[in-house]
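The structure under discussion appears below in the form of structure tokens.
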Amino acid sequence: MSGWIDPMIDEFQRSGGDHPRFGRDLVLLHGIGARTGEPRSHLTRGIAFRGGWVVAATFGGNPRNPAWVNNLRAHPDIDVEVPLPTAGIETHSVRAVELDGPDREAARQRFRAVSPVFAQFEAGVDRTIPIFHLIVR
């Protein structure tokens with residue numbers, strides 16, 4: 001974890017998944033570093049989708065993918081902490097599947113509906129933003 005994300009992760013866990021800016025739409029990915037093999041945790045927006053969640057690698061409109069994309073591609077079986085509907089967090093073991101075709105488009109439209117800034121991030125980068133479906137194992 002990096003210095004700026006640590007407080008956000010602490011707040012997510014301490015508050016039971018509530019965030020002043022993102023509400024209950026964040027998920028905490030617990031995976032393995034693609035190059036290091038070390039445990040890695042990443043906090044990102046997660047949206048309920050087809051019995052699991054989807055996460056999009058917007059990286060806040062950055063021109064490159066966040067590190068967790070390579071981590072999920074290399075090690076797709078991870079744990080994810082997700083907020084319960086009203087309070088608290090639960091952990092699930094999931095498989096991260098990178099979406100393409102009609103499945104990616106359905107998830108993309110879901111992101112655009114829930115997060116208007118998603119369209120701005122898409123328009124501002126010269127890359128296809130990876131979207132992963134987190135499927136409960």
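Since every read-out is calculated from the coordinates, none of them should be taken as a lab result. A quick note: this is a predicted structure, and the numbers were derived from the prediction, not measured. Heads up, the Cβs are rebuilt from the backbone with ideal geometry, glycines too, and the neighbour counts pull from every protein chain shown.
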**Request:** DSSP loop (so not H, G, I, E, B), at most 13 other Cβ within 10 Å: list which chymotrypsin sites (Phe, Trp or Tyr not before Pro) in the stretch 1-105 pass both filters.
**Result:** 4
**Complete:** Applied in sequence order to the stretch 72-83, the curve 6.51 cos²θ - 1.76 cosθ + 1.60 (Karplus, θ = phi - 60°) yields integer Hz couplings, x standing for Gly and Pro, of 5, 5, 7, 9, x, 8, 9, 10, 9, 9, 10, x
**Message:** Can you compute the helix-only [θ] at 222 nm over the chain? Use -39500 (n - 2.57) per DSSP H run of at least 4 residues, normalise by all residues, nearest 500 deg cm²/dmol.
**Reply:** -8500 deg cm²/dmol
**Enclosed volume per residue, in Å³, of the convex hull spanned by Cα atoms of the chain** = 110 Å³
**Asked** So which trypsin sites (Lys or Arg not before Pro) in the stretch 1-102 pass both tests, a DSSP loop state and at most 15 other Cβ atoms within 10 Å of the Cβ?
**Response** 21, 35, 50, 64
